[in-house]
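This report refers to the structure that appears directly beneath it.
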Amino acid sequence: MLHFPNFQVTHFSNNPTLSLYIGQPNTSNTVEQSPFLQSAMLETILDTAPNFIGVVANGLFTMVNDAGLKMFETKNLQELSTISPSPFSKITSLILENGSRMPEQKPVFAQSELKEFFTMKGRAFWGEMKIIPFRQDEQELYLVSIANIDQLVRNSEVSLLEKQKFEALFNHATVGVVVARANGEITMVNSMAEKLFGYSAEKLVGEKVEKLIPSKFHARHVHHRHSFMEHPSPRPMGEDRNLFAQKSDGTKFPVEISLSSYKIENELFVIAFVIDITIRKQNEDSIRKQRDELEKFANEIRQLNVQLERRVEERTLALRETLRQLELSREELRLALEKERELGDLKSRFVSMASHEFRTPLSSILSSAALIERYINTGEQENRSKHVNRIKENVRNLTDILEDFLSLGKIEEGVVLMKREELNIPDFFAEVIHEFDNIQREGQKIVYVHEGEHLMLTDKHLLKNILINLITNAIKFSDEDSIVTVTSALNKEYFRFSVKDSGIGISKEDQEHLFGRFFRGRNAANIKGTGLGLHIVSKYLELLNGKISCRSRLNEGTEFIVILNLPRS
């Protein structure tokens, strides 16, 4: 609480004279006669006032309330007087200047004054100051009141700055801005809108927005404007359709418009942002034309590619056909060369074989004929018969050799023809086997067994050659006193027969080449033969739709098995 000397207020602002006594209590019940009550009231005002309250006497502050000390960030009057720059020099000088000639009713001195103050710590703030004169014991005193209005001033500055920013943004925006009331009356336009439409702001304000739209769209625009006012919301326009505006000279140009709305004192306003997109449209048209030309060019390229691909495909097919023909020609040439090589090899083998196989029997025939000439007496008939039989045997060997060559030649030339006829298998086999009676070695026997049906259709000549060849080999490669077993079996699906001997056998290595031309086993070098018999048999079986297999082991005999598949009736 502040302490101050006794004083009397004779003038307080424009109120009636108020006398305040501090000292001995007064028994009067009136305010003017109760100094203690008046002192308490003043003290209460000083203590509870939220602003600066101070009293100046003789140009000096004699007291300041706690709120005032706090406002200037000081602790007492001594610190308050040391603030630099002093916030009270102008106050005291103003009081000293006007105090001696101040009448009681002078109200001007009590008017507010806006002033910038500084605190003890150097902080600046704006204050509203009032100086009110009053008297106490005929002494002129001054009541100084300072209210901190710094925030109000700064808010006012911010509002001014925001207004300036808005005006700068509005007037210098790069898009046209048009503000209108709900009824379409234009209230504001910026400088860019003036340039876009060719009107001054004075000529547009108060006009309807339809003035900026081509006349043929007026009715439709009024309908759209009413619809927007019913449900106002930010709305970009012109993104999916073409919008046009009209200049003051009647020129129409494409625009893009965005709409928004706001309210001032419950009145709805619409703000339109207008962009002239003439250049964009021209660029889009140019790009569209270029795209169309590019698409046209691309179509031509695609057609050319299709034609080129077709030609390439045709050329590729022709090249493939040429390559195929060349491959066929090469294959034919290879086969011809192989045949030529085989023919050469055949000739070479034939010459080699003929020189061996023909020379030996011919030499034997020649020597036997020479010896027969010497046996002229009747008692030498046995010797003559011996050599005659030798001549016959050698002639038969030569005939067999020639028969093999003739058969091979016919097969190679493809002139062997099939002639099927009904054949009784048991009778046919018995007849062929009987022809070997005079050919078998000493003590050899041929045993024949048949199973199944008897009659079948086949080529008798080819079957006979196959059977003779196999039985001949069995006799030739078997020892004396051995048995050759011939079996046959016939059913509705196939005909099977086999020829088995107990002779020298065939090695596993030789079995792989057994049916090749001129092939002879390594253990048969000293036995007569051309090496063509089994090859001819395999070729005959191809004609008869049959196959042949061999089972053999060295020195344990050999069995040839033939199977003919019968045609289904």
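The values are calculated or read from the model by the stated rules, or taken from the named source; none is laboratory data. Computed from a predicted structure; not experimentally measured. Cβ atoms come from the backbone with ideal geometry, glycine included; neighbour counts cover every protein chain shown. What goes into the accessible areas is simple: the full protein's heavy atoms, side chains included, and nothing from ligands, DNA or RNA. Shrake-Rupley method; radii C 1.70, N 1.55, O 1.52, S 1.80 Å.
Scanning the range 196-232 for residues that are under 17 Å from Asp249 (Cα atoms) and among the β-branched types (Val, Ile, Thr) yields a count of 2.
Yes or no, residue by residue, for (1) at pLDDT below 85; (2) more than 30 Å from Val175 (Cα to Cα); (3) surrounded by 10 or more Cβ atoms within 10 Å (Cβ to Cβ):
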{"site": "Val270", "(1), (2), (3)": "no, no, yes"}
{"site": "Asp285", "(1), (2), (3)": "no, no, yes"}
{"site": "Arg288", "(1), (2), (3)": "no, no, yes"}
{"site": "Glu321", "(1), (2), (3)": "no, yes, yes"}
{"site": "Ser348", "(1), (2), (3)": "yes, yes, yes"}
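Report, by residue number, each residue of the range 542-569 that is within 27 Å of Ser482 (Cβ to Cβ), out of contact with any Lys or Arg (no Cβ under 6 Å at 6 or more places or on another chain), touching a residue at least 60 places away in the same chain (Cβ under 8 Å) and among the hydrophobic types (A, V, I, L, M, F, W, C). Selection gives Phe560, Ile561, Val562. Among the residues making up the range 505-519, those that are free of Cβ contacts under 8 Å to residues at least 24 places away in the same chain and touching a helix residue (DSSP H, G or I) at 6+ places or on another chain (Cβ under 7 Å) are Asp510, Gly516. Here Glu512 fits the description: modelled with pLDDT under 85, of a type in the set (Asp, Glu) and open to solvent by 70 Å² or more (accessible area, probe 1.4 Å). Gln111 passes all but one of (1) at pLDDT below 75; (2) on the phi > 0 side of the Ramachandran plot; which number fails? Here Gln111 meets the rest and fails (2). The residue that is least open to solvent (accessible area, probe 1.4 Å), among those in the range 481-504 that are without any contact (Cβ under 8 Å) to a residue 60 or more places away in the chain and within 12 Å of His450 (Cα to Cα), is Val486.
Any residue that is among the charged types (D, E, K, R), in contact (Cβ under 8 Å) with a residue 40 or more places away in the chain and surrounded by 15 or more Cβ atoms within 10 Å (Cβ to Cβ) - is there at least one of those in the range 138-154? Yes, there is a match, as at least one residue in the range 138-154 is among the charged types (D, E, K, R), in contact (Cβ under 8 Å) with a residue 40 or more places away in the chain and surrounded by 15 or more Cβ atoms within 10 Å (Cβ to Cβ). At least 3 residues being closer than 14 Å to Ile425 by Cβ is the threshold, and among the helices (runs of 4 or more DSSP H) wholly inside the range 444-552 those reaching it are 460-476.
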